[in-house]
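Presented below is the structure to which this report refers.
The values are calculated or read from the model by the stated rules, or taken from the named source; none is laboratory data. Source: prediction; values computed, not measured. With ideal geometry, Cβ positions are generated from the backbone for all residues, glycine too; neighbour counts draw on all protein chains shown. Accessible surface areas use protein heavy atoms only, side chains included; no ligands, DNA or RNA. Shrake-Rupley method; radii C 1.70, N 1.55, O 1.52, S 1.80 Å.
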Amino acid sequence: MSSQSAPAEKRVVVEATPAAVAERVADRFLTRLRARTRNGRIAHVALTGGSMGGAVLRAALEHPRTASIDWSLVHFWWGDERFVPRGDADRNAVQSRAALLDHIDVPAENIHEVAPSDEGMTLDEAAAAYAAELARFGTDEHPWPSFAVCFLGVGPDGHIASLFPDRPEVTVTDAAALPVRNSPKPPPERVTLTRPVLNASKRVWLVLTGADKASALGLALAGASYSSVPAAGAKGRKRTVFFVDEAAASEVSPDLIDQSY
């Protein structure tokens with residue numbers, strides 16, 4: 001990988017199609033979970049929504065290694081959530097449950113959802129409550145867990161979680177979770193984790209497909225300003241990997257593509 005074109009710690013893994021990307025990511029995900037939990041260690045995971053977020057979880061459900069994971073040791077969180085009623089199909093948690101969580105033997109208390117809009121909390125209260133829940137599993141360094149894997153989708157505008165370009169949320173460093181109003185992408189009200197929480201993850205995996213993501217990927221790899229291209233500021237402590245299809249990789253220099261990961 002060329003250190004002149006992109007930071008050395010950022011890897012780009014390319015598969016031919018979105019389906020192949022989902023299968024590759026699911027395989028890597030289950031490998032990491034197995035390595036993390038085989039000796040009884042807890043694994044915290046941050047999930048993402050969107051078409052690829054669901055596709056990865058569906059591929060994981062169908063993978064034979066899923067049966068060998070001790071799911072009682074895995075805790076699931078979300079990088080962001082739409083502030084809508086609990087059963088609303090727009091909720092990332094609803095999508096994740098349908099794709100995987102409702103089909104595996106994971107304890108209910110290991111699934112950490114953002115409060116929905118129809119159970120008595122305001123948007124600000126939901127964000128504060130999520131920050132408090134994160135703090136219950138904090139480390140010596142931070143009042144939040146260190147995710148073994150943090151999944152992030154990337155929008156055509158370069159947004160990650162609900163951190164959108166040129167908005168104040170992307171620069172906040174003194175909170176774990178924030179309310180988001182007037183989101184440029186509907187629904188307008190959301191709760192998002194902040195960059196310090198995302199970047200405390202051991203591994204940040206950005207999963208993106210389609211030609212409409214090619215520009216955002218190119219800017220993220222080129223080291224654009226994270227305030228203008230939030231995906232450029234995503235960085236895991238051990239690994240930062242962009243899992244992409246050929247369409248999204250159309251503007252990526254071949255020397256940036258990792259053939260070994």
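General observations
- Per residue, the Cα convex hull of the stretch 136-181 amounts to 98 Å³.
- What the phi angles of the stretch 198-211 give under the Karplus curve with 6.51, -1.76 and 1.60, with θ = phi - 60°, is a coupling list of 4, 7, 7, 5, 5, 10, 10, 10, 9, 10, 8, 9, x, 5 Hz, glycine and proline written as x.
- The chain - convex hull of alpha carbons, volume per residue in Å³: 119 Å³
- With only the Cα atoms considered, the stretch 107-261 has a convex hull volume of 133 Å³ per residue.
- Of Val45, Val84, Val191, the one that fluctuates the most in a GNM where the chain has Cα springs shorter than 10 Å: Val84
- Contact order normalised by residue count of the chain, Cα under 8 Å, 6+ apart, percent: 25 percent
- Couplings 3J(HN,Hα) of the stretch 49-56, computed from phi: x, x, 5, 6, x, x, 5, 5 Hz, in residue order, whole Hz [Karplus 6.51 cos²θ - 1.76 cosθ + 1.60, θ = phi - 60°; x for Gly and Pro].
- Amide H contacts for Ala43 (H built 1.01 Å from N in the peptide plane; partners 5 or more residues away or on another chain; cut-off under 5 Å): Val74, His75.
- Share of carbon and sulfur in the accessible heavy-atom surface of the chain [1.4 Å probe, %]: 49 percent
- At an R0 of 35 angstrom, the distance between the Cβ atoms of Lys185 and Asn39 translates into a FRET efficiency of 0.30.
- Extent along principal axes [Cα atoms of the stretch 1-113; Å; largest to smallest]: 46, 36, 23
- Pairs of Lys in the chain closer than 18 Å at Cα, counting only those 8 or more apart or on different chains: 7
- Using 0.36 nm per residue and subtracting the Cα-Cα separation, the extra length available between Glu141 and Asp118 on full extension is 4.9 nm.
- Residue with peak Gaussian network fluctuation, the chain [Cα springs, cutoff 10 Å], from Arg38, Arg91, Arg239: Arg38
- Measure of compaction for the stretch 54-152 (Cα Rg per 2.2 N^0.38 Å): 1.13
- Gaussian network model of the chain, springs between alpha carbon atoms under 10 Å - residue of Ser228, Ser146, Ser201 with greatest fluctuation: Ser228
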